[in-house]
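The structure under discussion appears below in the form of C-alpha cells.
The values are calculated or read from the model by the stated rules, or taken from the named source; none is laboratory data. A quick note: this is a predicted structure, and the numbers were derived from the prediction, not measured. A quick note on method: Cβ atoms are made from the backbone with ideal geometry, for glycine too, and the neighbour counts reach across all protein chains shown.
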Amino acid sequence: MTRPQPTRRPTDATYLDDADRVDPPTELLNIPWIDAHNHAHTLSWADRERYALSGCEGMIMVSSGYHWTPYKPVRAEDIRYLWDDAVNRRAAIERDHFFEAKLGLGIHTGVRIENPDDLLDAMADYCELDEVVTIGETGVTPAQHAEAWDLDEQRAVVEAQMALAADHDLPVILHTPNTGTDSKREYVRPPGGTPGYEKNTGLGQEPVITGENPHLEAVKIDVAAANDAGLPEERVVASHADPNNIEYVMEETDCYASFTIGHSWLVGVDAADVANAIDRWGPDRIMVDTDCANVLRTDPFALKRAIFELYRYGIDPADIRQVVWENPRDVFGIGE
Ligand SMILES: [Zn+2]
C-alpha cells in the first residue's frame with residue numbers, strides 16, 4: 001500500500017518500510033533497579049531526587065570513605081563518625097525520596113587508620129542493625145594516600161571484617177582497585193591530581209603491593225582473605241570490576257562482579273564493559289553500580305542510562321533486569 005504523502009516534499013518518513021519499524025521495548029522505561037554501591041548520603045537532596053525520578057528502587061549507601069575524614073592521621077573515631085553520620089541520615093533519605101536506602105559500613109584501607117581494632121570491636125553491634133545490609137567497601141589497597149599501611153596489617157583488617165560478615169550472614173563489598181585506561185590524560189595542575197580526594201596523586205605513598213599487576217594481586221589477596229574468614233565467595237561483590245580483574249573474578253572465583261559506571265570519565269569503565277561481560281559469562285554474577293559521591297563528578301542518572309545502553313549493545317531485557325535488579329536484590333536482600 002502506498003503511504004499518503006501530505007508533506008510538501010518527501011521526508012525520511014516517506015522511505016520507511018516495515019523492516020525499519022521497531023517494537024520499542026517499553027519495559028526498559030520501568031525496569032526497577034538497585035544501585036549496589038554509592039555514597040548518596042553525601043549527595044545533595046536534588047541528586048538523590050534524580051535517583052528517584054529515574055526509577056531507583058533501592059540503594060546501598062556505603063560509609064567507609066577515609067577521604068571524608070577531615071583529620072590526618074585518621075583514627076578509628078573519625079571513621080566511626082562517618083558510620084554514625086550515615087546511620088543518622090538514612091531514614092530521612094528514605095522518607096524524602098521513597099526508594100529503599102540501606103547501609104554498608106566498612107573500614108577502607110586507602111589510608112592507614114591508627115587504631116583499627118577499636119573499629120572492629122564496635123562493628124559487630126552495627127551489624128545487628130536492620131539497615132546495615134553489607135560490610136564494605138573494603139579490601140587491600142596497593143598504595144595508600146597520606147600514610148602507607150603495611151600489607152599484613154591491611155589484610156588482617158580486611159579478613160576480620162569478612163569474619164564479621166560471615167558471623168552476621170552479610171555480604172561484603174570489595175573496593176577492587178581500578179587500573180583506569182591508558183588513553184586518558186591525567187590532570188597535572190598543582191598540587192597534582194584532583195584536589196581533596198583519594199585520586200589526589202600528590203598525596204600518594206609508595207606502594208605496599210608490588211609486582212607486575214598489583215591491582216589484580218589485591219583482588220586475589222581479598223578473595224584468599226574471604227576464604228580464610230569462612231565467608232563464601234558468592235557473598236563477595238567485587239565492585240569496580242574492570243578489564244584487568246573481570247576474567248579472574250568470573251573464571252576463578254564465585255564472587256559477583258559489579259561494574260562502576262557513575263564516573264566513567266575517571267576510570268574508563270562504562271556500559272560497554274558490562275555488555276561484554278554479559279556476552280561472555282552471562283548475567284548471573286554481574287551487577288552495576290554508580291559509586292556516586294560528593295567528592296567527585298558523578299552521575300546519578302548513570303545506571304538508568306546504562307539500562308538503555310545495554311539494550312542498544314544487544315543485551316536482552318530479561319538479562320538487563322537480572323543485572324540491575326534481581327542480582328543486587330538477592331545478594332543484599334533489599335527490594336523484596
Ligand atoms: Zn565507593
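Selection over the range 125-149 of residues that are assigned to a strand (DSSP E or B), under 20 Å from Ala238 (Cα atoms) and either touching a helix residue (DSSP H, G or I) at 6+ places or on another chain (Cβ under 7 Å) or of a type in the set (Ser, Thr, Tyr) (or both) gives a count of 5.
Do you know which residues across the range 150-161 are touching a helix residue (DSSP H, G or I) at 6+ places or on another chain (Cβ under 9 Å) and more than 24 Å from Ala101 (Cβ to Cβ)?
Taking the range 150-161 as the starting set, the residues that turn out to be touching a helix residue (DSSP H, G or I) at 6+ places or on another chain (Cβ under 9 Å) are 151, 153-161.
Once the filter is applied, which keeps residues that are touching a helix residue (DSSP H, G or I) at 6+ places or on another chain (Cβ under 9 Å) and more than 24 Å from Ala101 (Cβ to Cβ), the range 150-161 yields Leu151, Glu153, Gln154, Arg155, Ala156, Val157, Val158, Glu159, Ala160.
One residue stands out in the range 245-263 among those that are polar (S, T, N, Q) and in contact (Cβ under 8 Å) with a residue 60 or more places away in the chain: the one that is farthest from Ala277 (Cα to Cα), namely Thr260. None of Gly262, Gly268 is buried (at least 23 other Cβ atoms within 10 Å of the Cβ), among the small types (Gly, Ala, Ser) and modelled with pLDDT under 95 except Gly262.
Return yes when Glu234 is touching a strand residue (DSSP E or B) at 6+ places or on another chain (Cβ under 9 Å), at pLDDT 95 or above and among the acidic types (Asp, Glu) and no when it is not. Write out each step before concluding.
Numbers: touching a strand residue (DSSP E or B) at 6+ places or on another chain (Cβ under 9 Å): yes; at pLDDT 95 or above: yes; among the acidic types (Asp, Glu): yes.
It is true that Glu234 is touching a strand residue (DSSP E or B) at 6+ places or on another chain (Cβ under 9 Å), at pLDDT 95 or above and among the acidic types (Asp, Glu).
Taking the criterion of being free of Cβ contacts under 8 Å to residues at least 60 places away in the same chain and under 20 Å from the mean Cα position of the chain (by Cα), the residues of the range 95-108 that qualify are Phe99, Leu103, Leu105, Ile107.
In the condition set (1) modelled with pLDDT under 95; (2) more than 23 Å from Thr141 (Cα to Cα); (3) of a type in the set (A, V, I, L, M); (4) in contact with a strand residue (DSSP E or B) (Cβ under 7 Å, 6 or more places away or on another chain), Val74 is compliant with all but (2).
Out of everything in the range 27-54 that is of a type in the set (Ser, Thr, Tyr) and at pLDDT 95 or above, what residue ends up being nearest to Ile173 (Cα to Cα)?
Initially, the range 27-54 is screened for residues of a type in the set (Ser, Thr, Tyr), giving 42, 44, 51, 54.
With the extra rule that they be at pLDDT 95 or above, the set shrinks to 44, 51, 54.
Working: Ser44: 24, Tyr51: 21, Ser54: 24 Å.
By that ranking, first place goes to Tyr51.
Give the residue that is farthest from the ligand (Cβ to nearest atom), with candidates limited to residues of the range 224-244 that are under 17 Å from the mean Cα position of the chain (by Cα) and crowded, with 24+ Cβ neighbours inside 10 Å. Here the answer is Val236.
The number of residues in the range 3-62 that are away from the ligand (no atom under 16 Å from the Cβ) and among the β-branched types (Val, Ile, Thr) comes to 6. Check whether at least one residue in the range 198-218 is in contact with a helix residue (DSSP H, G or I) (Cβ under 7 Å, 6 or more places away or on another chain), closer than 29 Å to Ile278 by Cα, at pLDDT 85 or above and more than 16 Å from the ligand (Cβ to nearest atom), and report yes or no. Looking for residues that are in contact with a helix residue (DSSP H, G or I) (Cβ under 7 Å, 6 or more places away or on another chain), closer than 29 Å to Ile278 by Cα, at pLDDT 85 or above and more than 16 Å from the ligand (Cβ to nearest atom), one finds at least one in the range 198-218, hence yes.
The rows are residues; the columns are (1) within 30 Å of Cys127 (Cα to Cα); (2) away from the ligand (no atom under 16 Å from the Cβ); (3) in contact with a helix residue (DSSP H, G or I) (Cβ under 6 Å, 6 or more places away or on another chain).
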| residue | (1), (2), (3) |
| --- | --- |
| Thr260 | yes, no, no |
| Gly268 | no, yes, no |
| Asp284 | yes, yes, no |
| Val288 | yes, no, yes |
| Leu303 | yes, no, no |
| Leu310 | no, yes, yes |
| Val323 | yes, yes, no |
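Residues that are more than 30 Å from Gly314 (Cβ to Cβ): which strands (runs of 3 or more DSSP E) entirely in the range 19-124 hold 3 or more of them? So the answer is 56-63, 100-105. Candidates are the residues of the range 135-182 that are touching a strand residue (DSSP E or B) at 6+ places or on another chain (Cβ under 7 Å) and away from the ligand (no atom under 16 Å from the Cβ); the one that is nearest to Lys72 (Cα to Cα) is Ala143.
Can you pull out every residue in the range 311-323 that is of a type outside the set (Phe, Trp, Tyr) and surrounded by fewer than 24 Cβ atoms within 10 Å (Cβ to Cβ)?
Let us first name the residues in the range 311-323 that are of a type outside the set (Phe, Trp, Tyr), namely 312, 314-323.
Within the range 311-323, Arg312, Gly314, Ile315, Asp316, Pro317, Ala318, Asp319, Arg321, Gln322 qualify.
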